[in-house]
Amino acid sequence: MKKILFIFLMACTLTSVYAQDKTEEELKEEMAPKKAEISKLQKEVKSLQSQIDNLPGWKFGAFGTVGANFSWFNSWYSQGNPNVSSATVGATVNAFANKKADNYFWRNALNLNLGWVKFDDRDDPTDDDSFRNATDVFNITSLYGYKLSEKLAVSTLGEYRTTILDNFNDPGYLDVGVGMTWTPVNNLTVVVHPLNYNFVFSSEDSVFESSLGAKIVADYTRQIGKIAFKSNLSAFQSYKSSDYSNFTWINSFNYKLFNNIGVGFEFGLRGNKQENLDFQLAEFVDNGSVGTEPNFDNLDSQLQSYYLLGLTYSF
């Protein structure tokens, strides 16, 4: 038994010495075929995943971003408010539920972005030290299409946009229309609906108005390795007046670090003259109605935007 153990230990020692004696070039030569094998397997996995994605049936998915920033100052006299605590918290959710069949498709998507800010000057007992709403975006869409070919379909779209923390459905926008949908590749969907009605819900009837127009939606979703991104443009062109037109463009990026945890970034742009006018009229009233009353002709049109950077979790 001792002899067998001695021989085993000698074999392990010689193997270790042999491995250590290998040169860098020899190790690289051994590694090259293994890398080629891994690359081949990755291509096979990608091909299988593509076949899975093209199978009929429902597909579900979601990912979100959470961002937070906290600060606390005590007797920091170099700034105007030496005793201040502040915080910013935000979260986004992007989810989808899509069904694919031989002769039709049904695609549903949800985008939610909520944010809160807090600024507490502890030397001022009258200031507001609570969290206040900062970002409030809610967007849900449902697209149904009957295929004329693999890339072209007759379609109908319903899209609803509003805020949910403050002023729910005031304003709220509901687009309902029919037209065509083009899907040149699996990741890209382009919707063109020349017959679309934009319902606007608001208590300010003098500013917001519903109208008939054209709806254009472009959505691109892609995952490359650890990087996933989604870009969605939704635009309405009113036939009545360009003052009633609007667009929203939201872009989301996610880089997976480990497991389902990653780093995410989302930014959005919006152009909406009706919302701009409503806000400037409110400021005009708050300032004592001094100066010229804002209207669509003298409107200081502003491009709305937001962004959020933080950790993400993919479902």
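Read-outs throughout are calculated quantities, based only on the coordinates presented, and are distinct from any laboratory measurement. The structure displayed is predicted, hence computed values, not measured ones. So basically every Cβ, Gly included, is an ideal-geometry build from the backbone, and we count neighbours across all protein chains shown.
Tabulated values for the structure
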quantity	calculated
For the chain, with +1 on Lys and Arg beta carbons and -1 on Asp and Glu, the positive-most of Tyr173, Phe284, Phe131 along the dipole	Tyr173
Added length on full extension, which subtracts the Cα-Cα distance from 0.36 nm per residue, Asp127 to Phe284	54.1 nm
Chymotrypsin sites (Phe, Trp or Tyr not before Pro) within the stretch 75-113, DSSP loop, no more than 14 other Cβ atoms inside 10 Å	Trp76, Tyr77
Taking all pairs of distinct alpha-carbon atoms in the chain, Kirkwood radius in angstrom	24.2
Computed [θ] at 222 nm, helices only, for the chain once each DSSP H run of length n ≥ 4 contributes -39500 (n - 2.57)	-7000 deg cm²/dmol
Table column - 3J(HN,Hα) (Hz), the stretch 121-133, Karplus curve with 6.51, -1.76, 1.60, x for Gly and Pro	8, 6, 7, 10, x, 9, 6, 8, 9, 8, 6, 10, 5
Restricting the stretch 93-142 to trypsin sites (Lys or Arg not before Pro) in coil, as DSSP defines it, with at most 16 other Cβ within 10 Å	Arg122
Sequence-distant residues sharing a close amide H with Lys147 (under 5 Å, placed H)	Tyr104, Phe105
Long pairs among Lys230/Lys256; Lys100/Lys151; Lys28/Lys256; Lys59/Lys100; Lys28/Lys226, criterion Cα-Cα beyond 20 Å	Lys28/Lys256; Lys28/Lys226
Full-stretch length increase - Lys46, Trp106 - with 0.36 nm per residue and alpha-carbon distance subtracted	19.1 nm
GNM top mover of Asn94, Asn287, Asn186 - the chain, alpha-carbon springs below 10 Å	Asn287
Candidate aspartates and glutamates for bridging to Lys40, where Cα separation is under 19 Å - those fewer than 8 sequence places away on the same chain excluded	Glu29, Glu30
Environment charge of Tyr244, counting only residues whose C-beta is closer than 11 Å and scoring Lys/Arg +1, Asp/Glu -1	0
Highest-MSF residue in the chain out of Leu41, Leu299, Leu114 [GNM, Cα springs under 10 Å]	Leu41
